[in-house]
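Take a look at the structure set out below.
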Amino acid sequence: MMNKRTLLLSLPVALLTALPAAAQDEGLYPEPSSPDASFLRVIAPDADSVSIDGTRLETSDAGLTPYVEVSPGDVDLTVGDEERSVEVGASTHYTILSSVKDEPMIKDDITESPAQADLLLYNLSDMKTFDLYATEAKTAALSDVAPGTEGAVGLKAPLTLTFELRQDGETLSSLDPLELRRGTATTVIVGADGALTATDSTYAN
């Protein structure tokens, strides 16, 4: 089940103005080529290659591909040596977790708000309870995202936050400070070993 809310953080003014205005023009959500187009991506940490709808994609260190614009209906997908098709609906962002049993296709909870930054977290581990803790705000941005699912939160932006993965008061892993920009999404992945990685969500050309 997706965990979505808007987080209004009480942060120092210096954090709320941490980014220059020009940075807000980078990485904005693209306009689809047709009104009902969707966007699909894959998280495949163990795959050496990924193709979506005939587009071969580079992956991040955590196995994350860019989103590919697709038309509603059946879409061909190749992850490593395995080929299959998935059915997508209209005007939706999807992420497929290829390393999780049954390879769930998640409807990403993206606001596409020009005034907020979206923070998306995917749990590839077996942990059922944890906090993604924002140290500057002294609060949990997301908590208890079930294994094989996504949690999402809309954040006031621009701002810079440092996140830690905490469980029972113990810090398990942490990220370098993340610059969160208006009209963009940042993807955080909890790996099978509990390690955190983060990257801006991107779109294939």
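Return yes when Thr171 is of a type in the set (Ser, Thr, Tyr), open to solvent by 40 Å² or more (accessible area, probe 1.4 Å) and more than 13 Å from Leu120 (Cα to Cα) and no when it is not.
yes
When the range 32-49 is examined, which residues are found to be of a type in the set (A, V, I, L, M) and either closer than 11 Å to Ala204 by Cβ or assigned to a loop (DSSP other than H, G, I, E, B) (or both)?
Ala37, Leu40, Ala44, Ala47
Looking at (1) buried (at least 20 other Cβ atoms within 10 Å of the Cβ); (2) part of a strand (DSSP E or B), which one does Thr160 not meet, given that it meets all the others?
(1)
When you check Ala137 against the structure, is it over 30 Å from Asp36 (Cα atoms), touching a strand residue (DSSP E or B) at 6+ places or on another chain (Cβ under 9 Å) and not in a strand (DSSP E or B), yes or no?
Yes, satisfied.
Report whether or not Ala192 is of a type outside the set (Lys, Arg) and at pLDDT 95 or above.
Against the criterion (of a type outside the set (Lys, Arg) and at pLDDT 95 or above), Ala192 does not qualify.
Would a scan of the range 64-77 turn up a residue that is open to solvent by 60 Å² or more (accessible area, probe 1.4 Å) and within 28 Å of Asp193 (Cβ to Cβ)?
Looking for residues that are open to solvent by 60 Å² or more (accessible area, probe 1.4 Å) and within 28 Å of Asp193 (Cβ to Cβ), one finds none in the range 64-77, hence no.
In the range 81-99, what residues are open to solvent by 20 Å² or more (accessible area, probe 1.4 Å) and either more than 20 Å from the chain's Cα centre (by Cα) or under 26 Å from Asp126 (Cα atoms) (or both)?
Scanning the range 81-99 gives Asp81, Glu82, Glu83, Arg84, Ser85, Glu87, Ser98, Ser99.
Arg56 fails exactly one of the following numbered conditions: (1) at pLDDT below 95; (2) surrounded by fewer than 16 Cβ atoms within 10 Å (Cβ to Cβ); (3) not in a loop (DSSP other than H, G, I, E, B). What is the number of that condition?
Just one mismatch for Arg56, condition (1).
What are the pairs with Cβ atoms under 9 angstrom where one residue, in the range 131-149, is under 17 Å from Ile189 (Cβ atoms) and of a type in the set (Val, Ile, Thr) and the other, located anywhere, is open to solvent by 40 Å² or more (accessible area, probe 1.4 Å) and in a strand (DSSP E or B)? Sequence gap at least six, or different chains.
So the pair list comes out as Val145/Asn3; Thr149/Asn3.
Condition check: open to solvent by less than 20 Å² (accessible area, probe 1.4 Å) and touching a Leu at 6+ places or on another chain (Cβ under 7 Å). Does Leu178 satisfy that?
no
Residue check, Glu112 against (1) at pLDDT 95 or above; (2) surrounded by fewer than 17 Cβ atoms within 10 Å (Cβ to Cβ), all met but one. Which one?
(1)
Of all residues in the range 34-58, which are among the hydrophobic types (A, V, I, L, M, F, W, C) and either under 16 Å from the mean Cα position of the chain (by Cα) or at positive phi (or both)?
Those that are among the hydrophobic types (A, V, I, L, M, F, W, C) and either under 16 Å from the mean Cα position of the chain (by Cα) or at positive phi (or both): Phe39, Leu40, Val42, Ile43, Ala44.
With the requirement that a residue be open to solvent by 10 Å² or more (accessible area, probe 1.4 Å) and among the aliphatic types (A, V, I, L, M), what does the range 190-205 give you?
Passing the criteria: Ala192, Ala195, Leu196, Ala198, Ala204.
The values are calculated or read from the model by the stated rules, or taken from the named source; none is laboratory data. Note that the structure is predicted; figures quoted are calculated from it, not measured. Neighbour counts run over all protein chains shown; Cβ positions are idealised from the backbone, glycine included. Heads up: the accessible areas ignore ligands, DNA and RNA and are worked out on the full protein's heavy atoms, side chains in. Shrake-Rupley method; radii C 1.70, N 1.55, O 1.52, S 1.80 Å.
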